[in-house]
Amino acid sequence: MKAQTVNFDQLIARGCGIDVHKSLIVATIKGEGLKEETRSYDGFTESLEQLRDWLKEHRVTHVAMESTGVYWKPVYNILEEDFEVILVNARHIKNVPGHKTDKKDSKWIAKLLLCGLLKGSFIPPKGIRELRDLTRYKRKIINQIASEKNRIQKILEDANIKLSSVISDMSGAVATKIIKALIEGEEDVDELVKFRHGKMRCTKEELAASLRGRLSAHHRFMLQTIKESISEKDRLIARLNEQIDKMLQENQLELDAKLLETIPGVGKDGAAYILAEIGNDMDRFPNEQHLASWAGMSPGSNESAGKKKSSRTTHGDKYLKSMLTQFAWAATRTKNTYLRSKYESLVGRRGKKKALVAIGHKILIAAYFILKDKTTYKELGAEYLESRKKDRQIQHYLDKLRELGVELDKEKVA
């Protein structure tokens, strides 16, 4: 029996499918009035410019390629000004296993492109991409500082100094002064205890007992080196903050950042992080649910044979997802806010992690409408959920009474 060939309607006149690798770019052109042709290029700029000129010569209008690591970026930089470039998730365009070559992949991408079956990934403008580089690098440096502070605690433990057992904040003023004195060679425990203030929970005796250890010259050298590393990274963060503020001003994002700061738990740094990941043009997203799905902050759909399976959150922007969880945690520490009351209503039955993801979802939805409508965050208040619950309960009991033949006016009951 002869296999049937399925023909799809062609929606794009002339297109190009590109299979991207580190040192090899395979491109296939296809469309009306074109003879299907495949060419290979290397990853250098001169070769990519030859690819651009070849596509322009054949009046190609659309280009599609996989989002392979960072290797798509040089190709995108050369082609974005002259063509409509569609960046596609590699999972969405997998070819048949066992029939996979670079040329076949590029032809398959070109075929899907002409039929309009490819859904492009969100690529922000150049200014937003540059801001994203700054904010992501800043987060890397902050994580490195946290690692260095953990190393200080490990060095002290190795020296039999149990300072972290009696002081909750190892980055606080008291711990910082004590560690500095230890580095400078102070060995008298009575002198070190003088840094204690009256608000500390531990007693002088407990603090003194925690400081009696065996701090060697090697330990002092390590502590001094780590402290210098932290100071250097603090200076780097200050430079990054200046450049981030400059980029916000150059891209006219200062007003948007101020509006996002009004969301509980976000703050100045959080506003810059959000803008760097999603930009300020919400027209790129069809609706708020689409944005939440793109960010990986909404449940996935997994149903087969009428049975719903795991609906864990989808893969999304891992940077934005982690930040929204941090914002959610900060929002739960605010007083008399809707987000905190929502968290408290969820955490008992859903657990902390799922409750934080739900609050992060709320923050992202709020950011969507704030950027879309250019307005500040509207605080509903801690009593909002209770008032909604009361209204639902009243309606529930009224419905029950009607079933029993009793008619009551809801306004009079309320």
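Read the figures in this text as sums done on the coordinates, not as results from a lab. Bear in mind that the values here come from a model prediction, so they are computed numbers and not experimental data. Glycine also receives a Cβ, built like all others from the backbone with ideal geometry; neighbour counts cover every protein chain displayed.
Sequence neighbours fewer than 8 away in the same chain don't count; with that in mind, list the lysines whose C-alpha is under 21 Å from residue 318. By straight Cα distance, residue 318 reaches 73, 119, 126, 138, 140, 268, 352, 353, 354, 362.
When you filter the GluC sites (Glu not before Pro) in the range 311-414 for DSSP loop state and at most 10 other Cβ atoms inside 10 Å of their Cβ, you are left with 407. For residue 104, the aspartates and glutamates whose Cα falls under 15 Å of its own Cα, not counting residues fewer than eight places away in the same chain, are 19, 36, 37, 66.
With contributions of -39500 (n - 2.57) from each DSSP H run of at least four residues, the per-residue ellipticity at 222 nm computed over the chain stands at -17500 deg cm²/dmol. Among the trypsin sites (Lys or Arg not before Pro) in the range 24-88, those placed in a DSSP loop whose Cβ has at most 15 other Cβ atoms within 10 Å are 35, 59.
Tell me the trypsin sites (Lys or Arg not before Pro) within the range 134-235 that lie in a loop according to DSSP and have at most 15 other beta-carbon atoms within 10 Å. Working shown, then result.
On the way: sites: 136, 138, 139, 140, 149, 151, 154, 162, 177, 180, 194, 196, 199, 201, 204, 212, 214, 220, 227, 233, 235; in loops: 162, 194, 196, 199, 201, 212, 214.
Loop-located and lightly packed - 194, 199, 201, 212, 214.
Membrane-span-like helices of the chain, defined as complete DSSP H segments with a Cα extent of 30 Å or more along the helix axis and a mean Kyte hydropathy of at least -1.0, are identified as 217-250, 352-373. For the chain, the Cβ-based charge dipole about the Cα centre amounts to some 1640 debye (Lys, Arg positive; Asp, Glu negative; other atoms uncharged).
Which whole-number percentage describes the relative contact order of the range 14-114, with Cα contacts under 8 Å and a sequence gap of 6 or more? Show your work: numbers first, answer last.
Numbers: 182 pairs, mean separation 38.3, N = 101.
Normalised by residue count, the contact order of the range 14-114 is 38 percent.
Express as a percent, rounded to the nearest 5, the fraction of DSSP beta bridges in the chain (both residues included) that run antiparallel. Around 60 percent antiparallel, to the nearest 5. Here the convex hull built on the C-alpha positions of the range 14-114 has a volume of 87 cubic angstrom per residue.
With a/c under 1.5 counting as rounded, go ahead and sort the chain into rounded, prolate or oblate using the C-alpha gyration tensor (a ≥ b ≥ c being the square roots of the eigenvalues; past the cut-off, prolate if a/b is larger than b/c, else oblate). Judged from the Cα gyration tensor, the chain comes out oblate (a/c at least 1.5, b/c at or above a/b).
Each of 83, 327 has some number of other Cβ atoms within 10 Å of its Cβ, and from fewest to most they run 83, 327. The residues neighbouring residue 160, those whose beta-carbon lies less than 9 Å from its own, together hold a net charge of +1 under the Lys/Arg +1, Asp/Glu -1 convention.
Each of 142, 152 has some number of other Cβ atoms within 10 Å of its Cβ, and from fewest to most they run 142, 152.
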